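> Here's a structure for you.
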Amino acid sequence: MPSSDQDQVTPLAFAAIHPTTTNDEEDPSTKPRRRLLRRRCVLCCATCTTVLVLIAIIIVILAFTVFKVKEPKMTMNSMTIQGLSAITRSSSASGFNVTVVADISVKNPNAASFKFGSSTTSVYYKDGLVGLAYGPPGNARAHRTFRVNVTVDVMGDQLVGDVDLMAEVMGGVVGMKSSTMVGGRVKILGIFKHHVDVMMNCSMSIAVLNQSILDQNCNHRVWL
C-alpha cells in the first residue's frame with residue numbers, strides 16, 4: 001500500500017455559523033402589531049378628548065339657556081291687621097295688642113331649586129317702622145311656589161295717640177307699607193352656585209272691616 005504521507009489530506013470543513021437575534025434587534029413581525037396598538041391608543045385618546053369637549057360645551061350651553069338663573073318673584077298675597085279697632089278705645093300702649101300677618105309667596109322660575117334663609121319683613125306706617133319679624137327658611141323647588149306666613153307684632157307705642165291713624169281706622173281704610181328681604185342661592189347641576197337676594201317693597205290700603213287689601217303697589221329688586 002502506498003505511504004500515508006502521500007494520501008491527500010482533506011481539510012476540516014468550517015462549522016456553519018447561523019446569525020442569532022440579539023435583544024437590541026427588533027423582530028420584524030412585531031412592528032405591525034405595535035403600529036396597530038399605537039393607532040388604537042391615539043384613536044382612544046382622541047375619542048375621549050372629543051367626548052369631554054362635547055360634554056363641556058353641552059354643560060355651558062345648558063348653563064346659559066335652560067339652567068340660566070332667573071329672578072325669583074315675591075308676591076304679597078294678603079296682609080291682615082288684628083287689633084286695629086282697639087286703638088280707638090285705648091289711650092295707652094299697654095291697652096291693646098296689634099299684630100300684622102303677611103302671607104307672602106316666593107315663586108321660583110328656575111330649573112333648579114332655590115334654597116333661601118330666613119326672611120325679614122318690616123312694617124311701616126307713614127314711613128315710620130312699627131314692626132319687624134323674621135320668617136322661616138325654606139326651599140322653593142324648581143318651577144314651584146313657596147308660601148310663607150309672617151306674623152309681625154306692631155309696636156303699640158308707635159301707634160297709640162296718632163290722630164291720622166285713628167281717623168283712618170274710623171274711616172275704614174288704613175294705609176300701610178311693608179318691606180320683605182329674602183336671600184338664598186340657586187345650585188345648578190350641582191356645580192354652578194348663584195347667590196340671589198330678593199327685596200319686595202309694598203304700599204297698600206287695608207279695609208279695617210274685613211282685613212282685605214283694597215289697593216296694592218309692589219316693586220321688586222333682585223341681586224344675582
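> For the pair ASP162/LEU52, report the inter-label distance in nm, with labels modelled 7 Å from Cα in the Cβ direction.
In this crude label model, ASP162 to LEU52 measures out at 6.4 nm.
> Here's something else I'd like to know. If a paramagnetic tag sat 7 Å from the Cα of MET170 along the Cα-Cβ line, which residues of the stretch 192-221 would have the backbone N under 18 Å from that point?
Hits in the stretch 192-221 for MET170 at 18 Å: 208-209.
> Further question on the same structure: Take THR180, THR49, THR80 and order them by how many other Cβ atoms sit within 10 Å, fewest up front.
Working: THR180 25, THR49 10, THR80 16.
Fewest-to-most ranking of THR180, THR49, THR80: THR49, THR80, THR180.
> Kindly rank 145-155, 109-119 from highest to lowest mean number of other beta carbons found within 10 Å of each residue. Write out the running numbers ahead of the final one.
Numbers: 145-155: 17.4, 109-119: 19.4.
Final packing ranking: 109-119, 145-155.
Just so you know, all these numbers are worked out from the coordinates, no wet-lab data involved. Remember, predicted model here, so these are calculated numbers, not experimental data. Counting neighbours? That spans all protein chains shown, and the Cβs are built from the backbone with ideal geometry, glycine included.
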